[in-house]
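J.: Below you will find the structure I want to go over with you.
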């Protein structure tokens with residue numbers, strides 16, 4: 001999302017009024033005791049607004065709300081830290097590090113992306129409204145039939161799956177999940193209002209009657225083993241800072257490439273949810289041409305949402321203290337889109353590459369190349385990166401990162417993970433580009449070029 005610049009200062013008054021109007025409508029129509037929203041632009045919080053039904057008392061960006069399953073993102077970051085440190089592998093079976101769970105060979109990646117086939121919930125009674133002491137062991141969380149789908153075949157959201165990840169963190173770290181969270185994420189990022197138990201000022205959780213304007217307090221249970229799936233309390237201000245981390249990374253917690261990896265879809269979206277998807281601990285949403293990542297959350301008495309659009313340099317948070325009613329996921333997306341459409345991101349000025357990065361051999365590779373008869377253009381970027389773009393029609397566009405050996409690795413699309421390399425003739429001149437066995441030549445089917453299958457000796461001809 002980038003550092004703040006003069007162009008990313010305070011929002012325009014008209015934009016702020018549109019944001020306030022959106023959360024006012026959400027609080028009124030959703031019949032929430034209180035609702036708070038916040039926006040981040042280019043790495044800086046630029047707006048917080050609140051609506052409440054209590055005269056003389058307004059919730060604000062420092063008021064705690066329970067954030068439910070947004071907790072899962074914190075758990076996923078802790079797991080990714082273990083991976084980056086070489087203590088676990090994402091493809092490791094859980095049993096390698098946490099034996100005796102009874103869930104077979106499900107992998108850590110499958111647990112992160114909800115494709116392990118585990119049940120969505122624990123056995124009765126409903127874990128969100130009962131104390132964690134009712135489920136003192138993992139066997140109590142998993143029940144007698146923990147797997148309800150074939151492992152790795154489809155997305156099936158699982159709260160017990162994140163309980164297993166919380167226990168994995170404790171087993172590998174040798175400390176409690178809460179202690180690992182505090183020392184590895186909360187303290188480095190300055191999230192001092194994110195806690196496992198409420199710390200005043202904190203909103204009370206309420207159930208609002210669906211057919212009458214009356215309310216009932218909801219219990220706030222300590223979830224015990226389910227803590228890693230949904231225990232946390234936080235504020236708009238803290239979640240705004242956390243959103244910046246999810247967009248940019250922070251080497252004190254998790255490098256940028258690893259938080260980017262968390263956004264990559266791990267399995268296809270669930271049936272009936274073509275706009276959604278799930279990465280490694282992050283929900284994904286495609287809405288009105290924009291791609292959001294983040295997470296929603298709910299527990300009795302509370303609903304929450306955090307969405308980030310890296311392309312727009314924006315993030316939005318919405319929290320409310322009602323069991324149901326305000327559609328905070330839609331509200332957070334709307335807050336983000338209001339700013340994106342009213343005040344579109346101003347691009348950085350174009351500037352040439354630094355002189356030290358201009359490589360004449362690399363520069364000579366730019367321009368048109370042909371895969372068969374399909375024309376592509378090769379462009380170079382910063383840090384010796386390159387991109388291949390079709391010059392007409394639909395084609396396989398891709399970006400590539402330079403490798404130490406002189407080749408490149410694909411970063412997206414069809415060629416993600418595939419290797420691009422320059423193949424030279426004995427005299428050192430460039431013969432062709434090899435991309436995962438595909439040959440790109442300077443001319444289409446030129447005689448003498450290294451075209452698989454050869455070229456007809458008669459050459460090009462008419463009818």
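Quick note: the coordinates plus some simple rules give every number you see, no bench work behind them. Fair warning: this is a prediction, and the values are worked out from it, not measured in the lab. Glycine also receives a Cβ, built like all others from the backbone with ideal geometry; neighbour counts cover every protein chain displayed.
J.: When the label point is put 7 Å from the Cα of residue 291 along its Cα-to-beta-carbon vector, which residues of the range 394-414 have a backbone N closer than 17 Å?
T.: Residues 395-401, 410-414 fall inside that zone.
J.: Just how far, in whole angstrom, is the range 420-463 from the range 341-395 if you go by their alpha carbon centroids?
T.: That distance is 22 Å.
J.: On a 0 to 90° scale, report how tilted helix 71-84 is relative to the longest principal axis of the chain, with both axes built from alpha carbons and the result rounded to the nearest 10.
T.: The two axes meet at around 40 degrees.
J.: Would you list the P(r) distribution for the range 175-237, with all Cα-Cα distances sorted into 10 Å bins from 0 and each bin expressed as a whole %?
T.: 18, 42, 27, 10, 3
J.: Let's test this: bin the Cα-Cα distances of the range 159-288 at 5 Å from zero up to the farthest pair and state each bin's percent.
T.: 2, 8, 13, 17, 20, 17, 13, 6, 3, 1, 0
J.: Helix-only mean residue ellipticity at 222 nm, the chain, DSSP H runs n ≥ 4 weighted -39,500 (n - 2.57), per residue, nearest 500. What is it? Intermediate results must be reported in sequence, preceding the final value.
T.: Details: 12 runs with 109 residues, N = 463.
Theoretical 222 nm ellipticity from helices: -6500 deg cm²/dmol.
J.: Just order 123-134, 103-114, 232-243 by mean Cβ neighbour count inside 10 Å, highest at the front, would you?
T.: The peptides rank, most packed first, as 232-243, 103-114, 123-134.
J.: Next question. How high is the relative contact order of the chain, given as a whole-number percent (alpha carbon pairs under 8 Å, six or more residues apart)?
T.: Over the chain, the number comes to 16 percent.
J.: Compute the acute angle (0 to 90°) between the alpha-carbon long axis of helix 236-248 and the principal axis of greatest extent of the alpha-carbon atoms of the chain; round to the nearest 10°.
T.: 20 degrees
J.: When N is the residue count of the range 217-273, what does its C-alpha Rg come to as a fraction of 2.2 N^0.38 Å?
T.: 1.52
J.: Over the Cα atoms of the range 355-441, what is the Rg over Rh ratio if Rh follows Kirkwood? Intermediate results must be reported in sequence, preceding the final value.
T.: On the way: Rg = 12.4 Å, Rh = 13.2 Å.
Computed over Cα atoms, the ratio is 0.94.
J.: For a protection proxy built on the mean count of beta-carbon atoms within 10 angstrom, sort 282-289, 209-216, 194-201 highest first, please.
T.: On the way: 282-289: 17.0, 209-216: 9.4, 194-201: 15.2.
Ranked by mean Cβ neighbours within 10 Å, highest first: 282-289, 194-201, 209-216.
J.: On the principal axes of its Cα set, how long, how wide and how thick is the range 380-426? Give whole Å, largest value first.
T.: Principal extents (Cα only, largest first): 34, 24, 19 Å.
J.: So, one more: Which three extents, in whole angstrom, do the alpha-carbon atoms of the range 290-371 cover along their principal axes, largest first?
T.: Answer, in whole Å and largest first: 63, 30, 25 Å.
J.: Right, another one. Helix 13-30 sits at what angle to the longest principal axis of the chain, using alpha carbons and giving 0 to 90 degrees rounded to 10?
T.: 50 degrees
J.: Then there's this: Provide the FRET efficiency to the nearest 0.05 for the residue 197-residue 456 pair, computing r from the beta carbons and using R0 = 51 Å.
T.: 0.10
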